[in-house]
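The values are calculated or read from the model by the stated rules, or taken from the named source; none is laboratory data. Every value quoted in this text rests on a predicted model; they were computed, and no experiment measured them. No Cβ is skipped: glycine too gets one built from the backbone with ideal geometry, and neighbour counts run over all protein chains shown.
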Amino acid sequence: MELIGAYEAKTHLPALLERVAKGEEIVITKHGTPIARLVPIENNQHRDVRSVIKELKSFRKDHTLGGISVRDLINEGRH
């Protein structure tokens, strides 16, 4: 992880983004104090559809709307 000043980060942003895209993490500082971190995002675009559906069904078991239907919430939002 490399520390880079805000001015330098602004000046060299395209090059920094290339480095981050390759997996590097970069901390941006302002007057020597860390204020932000550039990190690569997780690439979830190639996840198996079946596993995502399974996760959603599992999530739904433990998370409810407290007895209110989605339709009721939609209608409530229209008022």
- Mind checking which residues of segment 34-52 are modelled with pLDDT of 85 or more, exposed (fewer than 10 other Cβ atoms within 10 Å of the Cβ) and closer than 13 Å to Gly23 by Cα? Ile41
- Contact list, first residue from segment 1-22 and among the acidic types (Asp, Glu) and at pLDDT below 95, second anywhere and surrounded by 13 or more Cβ atoms within 10 Å (Cβ to Cβ) and assigned to a loop (DSSP other than H, G, I, E, B), beta-carbon distance below 8 Å, six or more apart or interchain, is Glu2/Glu24
